Amino acid sequence: MNHQRIILFVALMAFAPVRLAAQQNSVLSSGQWYKFSVTNDGIYRIDYNQLRSVGINPDQIDPKNIRVYSFSTGMLPQANSAVRMQDLTELAISVTGEEDGKFNGQDFVLFFGQGPDRISFNTQKQMFAYQNNLFTDKNFYFLTVSDSPGKRLGNSPNVAGSYPTIQEFDDYAFYENEKFNLLKSGREWFGEQFDNTLEATVQFTISGITANSPIKFTSAVMAQSITDCSFKVFFNNTEILTQPIAAVPNTTYAIKGRKVADTLQLVSNAVLASSRATQEIKYQFAKGGMGLSVGYLNYFLFSFKRQLAQYGDITSFLTSASLSNAVSNFIVNNTSATSVVWDITDPFKVQFQNTNQSGTQTSFSTATASLKQFVVFNPAKATAPTFELKVENQNLHALSPAQLIIITNPLFEAEANRLATHRKTKSGLSVQVVTTDQVYNEYSGGKQDFTALRDFIRDVYRRPSSSLQNVLLFGRGSYDYKNRVLNNTNYVPIYESVNSLSPLETYSSDDYFALLDDNEGDWLESPAQNSTMNIGIGRLPVKSKDEAKAVVDKLISYDTESRKGSWHKDFLFVADDGEFNIHQSQADQLAMSIDASNPEFDVKKLYLDSYNQIERNTGPFSPEAAKALDFAVRKGQAIVNYTGHGSERVWMQEQVLTEQTVLSWKNAPMYPLFVTATCEFGRNDDPFIISSGEKILLQPKGGGIGLVTTARPVNSSTNFTLNRAFYLSFFNKINNQFRDLGSILRDTKNNSLTLGNRNFSLLGDPSMKLFVGSNQVTVDEVKTASGSTTLKGLSNVTMKGQIKSNGSVVSSFSGELEITLFDKPTTEVTKGNENPPFTFTQWSNILFQGKASVTNGAFQFNFVMPANVATTVDKGKLSAYAFSTDGGEAFGFSTNFLIGGQEPAPPSDTMPPTAQLFMGDTTFVPSGLVAPNTKLVARLFDKSGINVSGINPDKSLVATLDGKFKFVVNDYYVADKDNFQQGTLTFPIDTLAKGKHNITLSASDTYNNTSLTSLDFVVSEGGQLVIEQVANYPNPVTESTQFWFTHNRPGEDLKANVVVYSLTGQWVFSEEYSIPESQYQVSLPEWNAVDSNGRKLGNGLYVIRLFVRSESDGSNAEKSAKIILTN
């Protein structure tokens, strides 16, 4: 905002709010309330017509009962221990004509209203200080009509006697124009830019400056210059100041600008201020040498003495000279018989000051032992406040206890309530949903202020009955609190640091809302102040109702659909190369720690240096690593953890993850939690950039369920410290139960206190749990047909076990078990693309994947070991995951067996496996249509089971596309439940070119007997929805028939509309159908050959027209067919 404050109110002092006792109810809890706004300090008038215009009938109210409430002006103090109001507070007002108990046409309300900024006068320095409100350009006042008299102006007597005379007052002029935020971060904005234009002038209409009086002038400027530069400042064309500014380093993470602020004392006559009615301030910028050199005006303020008079319709005044007197006599010139003086020292206890009037002079005497402030004005010229809205009753001060509070922008309230209902019913939590406006109304007088949100949270947290654990901020934040930038996203404010110029020290953070102890809140933003979080905080950075719905849909589906698969126990660690292998080393330390301490989870490693790289014009690129990550996410992971270089849009210079990758993911409902120890990947406060981290969360039916991620640059040391603390907290169970994400991240932050860790935040629901229950899968018996616990090549293996909780069998647990058997760990060495090769180990060779029934807490399964087993004998690993029909889950593992060697005399098997191939799903027919992004589906059978061991590549499951592109797909095959002999392979294939294609699957059984099976298919053009065929059966139709169609988008949600026409083109029937997760061939409900009114149609030839639309991207298609009715 452009602040140029000198015309209406020129001398204001800060009002210190009194500390009030905590309130049990808000004043807004009853009655009817009307919200008005003001932008400047002044006297405001509400008359008969304005009351009627806002919905109040003035004829039906007693004006004595009119009340006006507000809050302390300026921004709220950050320190929790600072004095603050507890709710809206009533202020003294004047109601002209209230004596008769009727609000007549000539009656009106007057009140002293303050603008949103805070102005104070320092009596020692004899100068003003101005604190610009970062959050709003409005202050708010709430009017209500109660059933009892309201607070009215007090009466300040005109003290009789002769006292020292006051005929001048202290005044100020302030200028600040908030236009530029260089890093789009932090709270500080800068004004006029000096680049192409090197001079700027600001003028003020100020007359009556006292001759030969001091002027205290403060000038604040900033420059972004790689060479030394300077400003010159002129007051009424008199040069008063030169401000040199040192150069900034020309490096990526160096400070981007230097600020300079100087204060000097001038003499009014020396700068011609006393003789002029217009004061002119001019700035000139002298650029540095070659290269970048741009200057900015931050602000300037000057304090001065002025002749005491009424300037215009209204003038506010105070004078420090009065402090020398017990009683002072004020003489105000240029007044009229209609001029009125109020004592506004306490804005909530304004008093009418009794005066004497003599011609154009108003005088009065009053006690001045303390500094007082007055306003002289003409009531007829008072300004009307702006009506905002009628406020519904609310009472956050008496909010029922809740474990989770959702603070939402009103735009998203419906979806916030839908999520709250889910958390109540599914998670058993007590939940409250409140809007930002409701919080502002009670905790900051209607003004936007992020501290109001913190104060509300703290108020709830400190109540004796509090059970508060987590707060979810439902809406995106922005570095721009005042909507200065286009398409701003300031829905739920985020904490922006004070620093705005250092890339490594400026940040945004939601931690602030969780700093609730008495000695916290001020947050000096330095490592020396180790503030700790008391609750969990998360944010859903949504910007629209559609995004809000999509995210809530994902959160609900994660709890209701996704806890069914062994992917839910897979942790994927991804690491960048270079930097002397620090990223791979840190990722490996984390992975090995989990593998050692929590082996029930399966750790997978994707290190960039393990993959080939190619050079492009834009730098190195690793399509192999990118594809490996893409496949891993699509296959399903519980957590994806990345360590390395990154930005708002990509991971690694080699672009292993990009924005396009994220947008292509359709991995519902297998949503991982992403932990990204990299720079800026989850930035969510820049309206011009929607980060890839945000898109991971916002992507409908794809991406992730949440992120622990960064919003600003970080360093590897901070990353590793926090990353390690995260897993220590993650596995720190309570009563053998995994905790919610908010509690985990709270403890993570508290146990890794560094300045940089405030850059990390949770994009997601803090009340969500990745894992539920305390059940374990225990494997009680592992043996071969010969009774050995050493599993050899071609051994027939039986395994038995149970589902237990705290050592006891859970007999109520019935469902399904998924099993993965790993061969011994393998040692792998990276390629050494940028640094020496890095050596690591992992469980990479799968020998069997299958499923088994769990009945009453017990399970048993058997399979044949593949012949391809590493010859050395050592411990293998069985990994198990179980889910029950009622939504419970269990994790487990066993290493109590050996793997190695070969069975000396296994049964004979010379028959290769059989395979049926499909594209998309099993309804596909050969040479059918598919979209460019599809999947290979294969059903395989062999009496000895299918080989998925990767030890012998020639006997692996290999899919070959068009005779030249080979894919090893061992990990994508899973045996059927309770039947190791058959199973399904599901493998994604993307970016297929238009036209005819062929795919061949080479499959071997555990005896290494091999078969080849091929399938032809056709890729449609451009990925558009295509209806390949539409028909009905039977046709001709006697009683009823069923329509069906084939298409190229299996797996997508579709809307299908069937319309039936007669041969003359007359519409006779239509029906729309929703088809979730459609198959290649879709069969619609039976049609009884009736029209839309249920009447039987006559015999004859009819035309069916089918309209189909994809719910994913809106793509649509239509196709017709003919039907014959023979009733």
| field | Close pairs (7 angstrom Cβ cut-off, 6 or more residues apart or separate chains): part of a helix (DSSP H, G or I) in the range 702-723, among the aromatic types (Phe, Trp, Tyr) anywhere | value | Leu722/Phe760
| query | Of the residues Val95, Val109, Val159, which is touching a helix residue (DSSP H, G or I) at 6+ places or on another chain (Cβ under 6 Å) and in contact (Cβ under 8 Å) with a residue 12 or more places away in the chain? | reply | Val95
| Residue in the range 236-266 that is farthest from the chain's Cα centre (by Cα), counting only those that are of a type in the set (Ser, Thr, Tyr) and in a strand (DSSP E or B) | Thr238
| message | Take the conditions within 26 Å of Ala959 (Cα to Cα), surrounded by fewer than 16 Cβ atoms within 10 Å (Cβ to Cβ) and over 41 Å from the mean Cα position of the chain (by Cα) and apply them to Ser1014. Does it pass? | response | yes
| request: Please work out if Gly773 is under 30 Å from Ile535 (Cβ atoms) and either out of contact with any Lys or Arg (no Cβ under 8 Å at 6 or more places or on another chain) or not in a helix (DSSP H, G or I) (or both). | output: yes
| For the range 530-546, does any single residue satisfy the condition of being among the hydrophobic types (A, V, I, L, M, F, W, C) and either part of a helix (DSSP H, G or I) or touching a Cys at 6+ places or on another chain (Cβ under 8 Å) (or both)? | no
| field | For Trp843: the one exception among (1) in contact with a helix residue (DSSP H, G or I) (Cβ under 9 Å, 6 or more places away or on another chain); (2) modelled with pLDDT under 95 | value | (2)
| task | With the checklist (1) of a type in the set (A, V, I, L, M, F, W, C); (2) touching a Leu at 6+ places or on another chain (Cβ under 8 Å); (3) part of a loop (DSSP other than H, G, I, E, B) in hand, flag the one item Phe924 doesn't pass. | result | (2)
| Which of the residues belonging to the range 40-84 are among the hydrophobic types (A, V, I, L, M, F, W, C) and under 12 Å from Asp107 (Cβ atoms)? | Ile46, Leu51, Ile61, Ile66
| query | When you look at Tyr69, is it within 16 Å of Pro379 (Cβ to Cβ) and hydroxyl-bearing (Ser, Thr, Tyr), yes or no? | reply | no
| said: Return the residues of the range 49-99 that are surrounded by fewer than 20 Cβ atoms within 10 Å (Cβ to Cβ) and among the β-branched types (Val, Ile, Thr); say none if nothing qualifies. | reply: Val54, Ile61, Val83, Thr89, Thr96
| said: I need the full set of residues from the range 20-71 which are outside any strand (DSSP E or B) and among the small types (Gly, Ala, Ser), in order please. | reply: Ala21, Ala22, Ser26, Ser29, Ser30, Gly31, Ser53, Gly55
| Counting just the residues of the range 1017-1056 that are surrounded by fewer than 18 Cβ atoms within 10 Å (Cβ to Cβ) and of a type in the set (D, E, K, R), which one comes out nearest to Asn1116 (Cα to Cα)? | Lys1055
| note | For strands (runs of 3 or more DSSP E) lying entirely in the range 1041-1127, having 2 or more residues that are without any contact (Cβ under 8 Å) to a residue 60 or more places away in the chain picks out 1041-1047, 1054-1062, 1067-1075, 1081-1087, 1100-1110
| field | Top-ranked residue of the range 531-568 - restricted to ones that are surrounded by 23 or more Cβ atoms within 10 Å (Cβ to Cβ) and of a type in the set (Lys, Arg), ranked as farthest from Ala880 (Cα to Cα) | value | Arg539
| task | Mind listing whichever residues of the range 267-285 are outside any loop (DSSP other than H, G, I, E, B), of a type outside the set (Val, Ile, Thr) and over 20 Å from Glu192 (Cα atoms)? | result | Ser268, Asn269, Ala270
| task | Would you check which residues across the range 828-850 are of a type outside the set (S, T, N, Q) and surrounded by 20 or more Cβ atoms within 10 Å (Cβ to Cβ) and list them? | result | Phe838, Phe840, Trp843, Leu847, Phe848, Gly850
| Counting just the residues of the range 962-983 that are closer than 26 Å to Val1026 by Cβ and touching a residue at least 12 places away in the same chain (Cβ under 8 Å), which one comes out surrounded by the most Cβ atoms within 10 Å (Cβ to Cβ)? | Phe967
| Does the range 712-720 include one or more residues that are modelled with pLDDT under 95, more than 30 Å from Ala858 (Cα to Cα), within 15 Å of the chain's Cα centre (by Cα) and outside the structural domain of Glu1052 (by TED's automatic domain parsing)? | yes
| Hey, among the residues in the range 657-678 that are among the hydrophobic types (A, V, I, L, M, F, W, C) and in a strand (DSSP E or B), which one's nearest to Glu1077 (Cα to Cα)? | Leu673
| query | Any residue in the range 857-864 that is of a type outside the set (Lys, Arg), in a loop (DSSP other than H, G, I, E, B) and at pLDDT 95 or above? | reply | yes
| note | For the range 494-506, pairs from a residue that is closer than 21 Å to Phe450 by Cβ and touching a residue at least 60 places away in the same chain (Cβ under 8 Å) to a residue that is hydroxyl-bearing (Ser, Thr, Tyr) and not in a loop (DSSP other than H, G, I, E, B), with Cβ under 7 Å and 6 or more apart or across chains, are Ile494/Ser508; Glu496/Ser508
| request: Scan the range 137-151 and report the pairs whose first residue is modelled with pLDDT of 95 or more and whose second residue is among the acidic types (Asp, Glu), with Cβ atoms within less than 8 Å and a gap of 6+ or a chain change. | output: Phe140/Glu388; Val145/Asp62; Gly150/Glu90; Lys151/Glu90
| query | Name the pairs: first residue in the range 251-265 and more than 9 Å from Ala223 (Cα to Cα), second residue among the small types (Gly, Ala, Ser) and in a strand (DSSP E or B), Cβ to Cβ under 9 Å, at least 6 apart or on different chains? | reply | Ala261/Ser219; Ala261/Ala220; Asp262/Ser219; Asp262/Ala220; Thr263/Ser219; Leu264/Ser219
| From the set of residues in the range 933-958 that are surrounded by fewer than 18 Cβ atoms within 10 Å (Cβ to Cβ) and touching a strand residue (DSSP E or B) at 6+ places or on another chain (Cβ under 6 Å), which is nearest to Ser1112 (Cα to Cα)? | Arg939
| query | When residues of the range 725-743 are filtered for being in contact (Cβ under 8 Å) with a residue 24 or more places away in the chain and buried (at least 18 other Cβ atoms within 10 Å of the Cβ), how many remain? | reply | 9
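The values are calculated or read from the model by the stated rules, or taken from the named source; none is laboratory data. These numbers come from a predicted model, not from an experiment. As a convention, Cβ positions derive from the backbone with ideal geometry for all residues, glycine included, and neighbour counts pool all protein chains shown.
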